[in-house]
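None of the figures in this text is laboratory data; all of them are computed from the coordinates on show. Here the structure is a predicted model, which is why all the values come from computation and not from measurement. Positions of Cβ are generated from backbone atoms using ideal geometry, with glycine treated the same way; all protein chains shown enter the neighbour counts.
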Amino acid sequence: MKIRELLGVESIRLDGNAMDKTDGINQLVDLMVKSGKIMNVVEYHKDVFESEKECIIIGKAAILHGRSKVVSRPGIAVMLVREGITFHAEEKDRIYIFFLLAVPDAKDQMETELLNMLKKVVMDQRMVDSIKRARGKIEVLNLIEGEEQEDA
């Protein structure tokens, strides 16, 4: 499974305007809902907020995950907040790129695999900078697809 298979233009937002962590998560959940992979918005929203404490932050990127019984099929949403937001009160660094995973509840191995793939993307500072400079959703898709081809 590849990131590109789970990420479509409908689940990418390049003009995120989140004011804080809660607002950012709400916007990411909205993106995932628009992708058509969520059967119950309220339940998924709750599940994402419950798993927020397990968020992975690498550099200027955050990876959140929402494993839930209301996920009909796996997906990824990406949001760029050009001004960045402080994700945890005790941290001063700003986060600019947010990824959200949606994984059906019984798919632990899939969740681990997807988290590892996204970690590779955000650990590559060149990739993070390229996504931050992206002017369009297709450009983001092409960047991620190119990264996956290099890893193959």
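Dipole magnitude for the chain: computed about the Cα centre from +1 point charges on Lys and Arg Cβ and -1 point charges on Asp and Glu Cβ, it is near 280 debye.
Within the chain, which is the longest segment that contains none of the trypsin sites (Lys or Arg not before Pro) sitting in a DSSP loop with at most 11 other Cβ atoms within 10 Å? Maximal segment without exposed cleavage sites: 1-91. Each residue, K69 and T112, gets one label point 7 Å from its Cα in the Cβ direction; the gap between the two is 2.3 nm.
A Förster radius of 30 Å, combined with the Cβ-Cβ distance separating F49 from E139, puts the computed FRET efficiency at roughly 0.50. Helices in the chain, meaning DSSP H runs of at least 4 residues, each add -39500 (n - 2.57). Divided by all residues, the mean residue ellipticity at 222 nm is -14000 deg cm²/dmol. Orientation-averaged projection of the chain equals 8.0 nm² [convex hull of Cα atoms, one quarter of hull surface area]. Rounded to 0.05, the FRET efficiency of the H88 and D129 pair, given R0 = 25 Å and the Cβ-Cβ distance, is 0.65.
Near F87, the amide H atoms lying under 5 Å from its own belong to I95; only residues 5 or more places off or on other chains count, and H is placed 1.01 Å from N. Taking a straight line from the alpha carbon of K119, these lysines sit under 22 Å away, with near neighbours fewer than eight places off in the same chain left out: K2, K21, K53, K60, K92, K107, K132, K137. Using a 10 angstrom cutoff on alpha carbons, build the Gaussian network for the chain and name the most mobile of S68, S51, S11. Sorting by GNM fluctuation, first place goes to S51. Under a 5 Å amide H cut-off, with hydrogens placed 1.01 Å from N, G66 pairs with L101, A102, V103 among residues at least 5 apart or on other chains. Karplus-based coupling profile of the range 141-147, in residue order and whole Hz: 4, 5, 4, 5, 4, x, 5, with θ = phi - 60° in 6.51 cos²θ - 1.76 cosθ + 1.60 and x standing for Gly or Pro. Each residue of the range 112-124 was assigned a 3J(HN,Hα) from its phi angle through the Karplus expression (A = 6.51, B = -1.76, C = 1.60, θ = phi - 60°), giving 4, 4, 5, 4, 5, 5, 5, 4, 4, 5, 7, 6, 8 Hz with x at Gly and Pro. Of all DSSP-defined beta bridges confined to the range 1-101, some 60% are antiparallel rather than parallel.
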